[in-house]
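Read-outs: derived from the displayed coordinates by stated rules, not from any lab. All values derive from a computational prediction rather than experimental measurement. Counting neighbours? That spans all protein chains shown, and the Cβs are built from the backbone with ideal geometry, glycine included.
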Amino acid sequence: MEKNKKTLWRFKEYFLVPLFLCVIMAITQFGTYYLGSFINGFYKTMWSVDFKLPVDDKIPFLVDFTTIYLLGNVYNILILFLINFFIGRKAMYMLVTLEIVGFLLSLICFICIPSPITSLVTPKPDPGTGFSGWLYTTLIVPDTTNNASNFPSQHFIYLISVVLTCFSFVKLGFKKDNIKVISMCILSSIVFVIVGLSTFFIKQHFVSDAIASVILMTVLYVIFHFAKIFPKINLFFKTIYLKMHLPGEHYE
């Protein structure tokens, strides 16, 4: 009986809770993205801001990075499970808080600053006829056509949020738990670079979109840290956690 209870605890801890939070994050991300595009779609023809920099024209179009770009969305789901397992529940809640607030702030930017990437894909690049070309034509082109704003980049919002979360739990020493955290820091940094570059190579973002996201989330993290928001968020989630009939000693 006790063994069955522990199995149920682990199932809730490492699967149900992260899965629920993944759904909440996905609704927030895609909801803010498409709501922002829908709203400013009414007036983007009257005015818009072009954040294109000279460096954007020097970045080549590499259609093979389409797969990496799309896998970035899968990574944003799996990373919750990985952080929960390797670092802990507090880190997962920190990540969820940063991303949700970041996405909501991006919605305000989408509505107030229409910034389509039309100039970035003119003339339209030739994706070719291979698998990557098919992915680009099927999934990326419709998104680029209907998108009314890309400033700041939501891809970079979640990428930098993961990096900030992982590094905030690093401690001195080479204890087993700290090695796990350092491993997650390395993983998140590598993915940040590779997926981040893919957004440039398939012409989905200006460099300025990425810079804005990194600055936004770094400032948000600093504010939340000094205002002690994260402990309050943790306490809020712990209350919900305990209501799921998980013993307090299993919380950490």
**Placed amide H near S115: partners under 5 Å, 5+ positions off or other chain** = V49, S149, N150, F151
**Request:** Name all residues of the stretch 87-104 having a backbone nitrogen under 19 Å from the label point set 7 Å from the Cα of S189 along its Cα→Cβ direction, giving them as ranges.
**Result:** 87
**Request:** Subtracting the Cα-Cα distance from 0.36 nm times the residue separation, let me have the gained length for V23 to L71 in nm, one decimal.
**Result:** 15.6 nm
**Message:** Modelling each spin label as a point 7 Å along the Cα-to-Cβ direction, I'd like the F38/L139 distance in nm, to one decimal.
**Reply:** 2.3 nm
**Request:** For each pair in K90/K203; K180/K238; K58/K180; K180/K228, compute the distance between the two Cα atoms and list the pairs where it is over 27 Å.
**Result:** K90/K203; K58/K180
